[in-house]
1. Please report, in whole Å³, the volume per residue of the convex hull around the C-alpha atoms of the stretch 42-107.
2. Express in Å², to the nearest 10, the accessible area of residue 1 obtained by rolling a 1.4 Å probe over the protein heavy atoms while all chains stay in place.
3. To the nearest 10 square angstrom, what accessible area does residue 385 show with a 1.4 Å probe?
4. Using a 1.4 Å probe and counting only protein heavy atoms, arrange 76, 180 so the residue with the most accessible area comes first.
5. So, for the stretch 388-440, what is the accessible surface per residue at a probe of 1.4 Å, expressed in square angstrom?
6. Might you tell me the accessible area per residue for the stretch 296-376, computed with a 1.4 Å probe and given in Å²?
7. Taking the Cα centre of the chain as origin and charging only Cβ (+1 Lys, Arg; -1 Asp, Glu), how large is the dipole, in debye to the nearest 20?
8. Using the Cα centre of the chain as origin and beta-carbon charges of +1 (Lys, Arg) and -1 (Asp, Glu), tell me which of 120, 258, 423 is placed farthest towards the positive end of the dipole.
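The values are calculated or read from the model by the stated rules, or taken from the named source; none is laboratory data. Note that the structure is predicted; figures quoted are calculated from it, not measured. Cβ sites come from the backbone with ideal geometry, for glycine too, and all protein chains shown count toward neighbours. With ligands, DNA and RNA removed, areas are computed over all heavy atoms of the protein, side chains included. Shrake-Rupley method; radii C 1.70, N 1.55, O 1.52, S 1.80 Å.
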Amino acid sequence: MTTDVIILAAGKGTRMRSTLPKPLQPLMGKPIIHYALESAAPLVKDQPVIVLGHGAEQIRLALGDTPRYVEQIELLGTGHAVSQAESLLSGKSDLVLITYVDMPLVRSQTLQQLIDTQKLHSGPMTILTVHEEDPRGFGRIIRNSEGQIQAIVEEADATPEQLEITELNAGMYCFKSEWLWENLKSLDLSPKGEYYLTDLVFLATQQGLSVDAVLAEDKEELIGINTRVHLAEAGKILRKRINTKLMLSGVSLVDPESVYIESDVDIGQDTLILPNTYLQGKTSIGNNCIIGPDTRIFSSQVGDSCEIEFSVIEQSKIENGVDIGPFSHLRKGAHIGSGVHIGNFGEIKDSYLGDGTKVGHFSYLGNAQIGKDVNIGAGTITCNYDGENKHQTIIRDGVFVGSDSMLVAPLELGENSSTGAGSVVTKDVPPDTVVVGIPARSIASKKKK
């Protein structure tokens, strides 16, 4: 049996108090809608259909052309929203699975269970329910004396007795598609002026057809996001899932509740993550590393056996056996070779540092190509910007740069050359040459006579 997925994403999300549409609100580094698309992806061959409404253009721009879209111009309820997809999906599949954009914690396995149950069900629909004392605005499941589902009553329309019911509609459904498209047209307008998708349950029972249900095992999956409080709750649960998976794979987190690790981060075995560490974007960290405390790494690659503390790493590549920090900053384009040492308050941008190079402290290296076994003295600066353009500094293997040297680019320091402390180097330095002064001048050769 084939299945199509509809994701309802048309609501205004007014309780978020934001100019950004709810589907695009960030959750663990990704928009909320990403999670609905991710959980649906393994279940179907074709792209889900997203029903847009408020903020439709912003959402299209953010997601691109990969998903399929329909638009609900008038926000007339969930039943009306689903009907907007009929022209795309009618006659195309056996089943239609309907989910909500603002329930990012639902796992693919739960949705698959809903589909599998409906495949074996003779009736037209299967719904996802949950037992919960805190209803969070969910509709109530009405059953008869034999336990058969008769209706779903929305919270706003429920009687005091119905409000006491603890079995709730989780808002996910799997329908026989032919029955769905035929019966959406029969929905009546509610007192609120909306067409409720939940009224299809009553229609099915009126036709003498059964409605099946899947009881959700994990209540946390069904947290809906209506406010920023809910957003924070969902983020905490996602972090716990990610951290648990990492620890079971061989990563040590000293204090899991104090670290922030996004889902695309990959960490090798026997790596230790210390408190107040933020690992974001497409970051990978090798084996046997020590990361943190108080460190942020964004979309960077870190090799094996590295130590990084109290530092910020952004869009950089770090090879094996590197130690960085405290209080260093690697900016976009930094590439650090194996065995490099970067001490406190070093800043590297758009530069390559060769194997074994040492940058002790208080140095800025920008637009530089630095060879192997170079010593960068404290306070060294590559003066790479002339007010209009950036220029490159090349430092060959074995160079010794004295403390407080100003290297005015474009510039090349030849192999095994040296600069004296406080030098302002404005011209290329030949190999094996010692320069000192302001401006720097040659005073000696290192070549053996």
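1. 112 Å³
2. Accessible area, nearest 10 Å²: 130 Å².
3. Taking all protein chains as shown, residue 385 has close to 130 Å².
4. Final ranking, largest accessible area leading: 76, 180.
5. Working: 2450 Å² over 53 residues.
Accessible area per residue: 46 Å².
6. Numbers: 3060 Å² over 81 residues.
Per-residue value: 38 Å².
7. Approximately 1760 debye in magnitude.
8. Checked the options; the winner is 423.
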